[in-house]
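The structure appears right after this line, and notes come after that.
The values are calculated or read from the model by the stated rules, or taken from the named source; none is laboratory data. Not measured: the values here are computed from a predicted model. Every residue, glycine among them, receives a Cβ derived from its backbone with ideal geometry; neighbour counts consider all protein chains shown.
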């Protein structure tokens, strides 16, 4: 294999990666899996959908006269990179934007950039808007019920065995990475 072929393969791999990423990102603007109200889960479903679509496109291309340079190993490598990079970006950015207290605080400060706000004013706004008006607790409880970590009983909520196991995993990971466990334990 000469340098020109290696460059062609690298460019094809990159093009397929970009195509898959574009399919994944654009799929959020469609009604596909629109019945899934939890962003994280909808994103996972859409990533699987985009992956299968991209794999089909790559296999069709591989069978064409232009696909002779690509091996199945190339296709697997592109798929692994596509899924890994997109799931990492999706969970670090869009999912964080949707649920982060820091992102809410920055947005609130930006909306009120002509005013100096105290800690108390920021806390009050957070509780009123984010927790109460935007129903943050309801949203998180529904996510945990959907995930099987919490169960709704007798007008209240209780952690499931699965939820207890998850808390223990969080504690182990927090200790390994020296993360404050206060919010997990209290």
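Some observations on this one:
- Yes/no for residue 23 being in contact (Cβ under 8 Å) with a residue 40 or more places away in the chain, within 20 Å of residue 84 (Cβ to Cβ), surrounded by 15 or more Cβ atoms within 10 Å (Cβ to Cβ) and assigned by TED's automatic domain parsing to the domain that holds residue 77: no
- Search result, residues across segment 33-60 that are assigned to a loop (DSSP other than H, G, I, E, B) and surrounded by 15 or more Cβ atoms within 10 Å (Cβ to Cβ): 33, 36, 38
- Those residues of segment 46-60 which are free of Cβ contacts under 8 Å to residues at least 40 places away in the same chain and more than 20 Å from residue 33 (Cβ to Cβ), in sequence order: 59, 60
- Count of segment 100-130 residues which are surrounded by fewer than 15 Cβ atoms within 10 Å (Cβ to Cβ) and under 30 Å from residue 162 (Cβ atoms): 5
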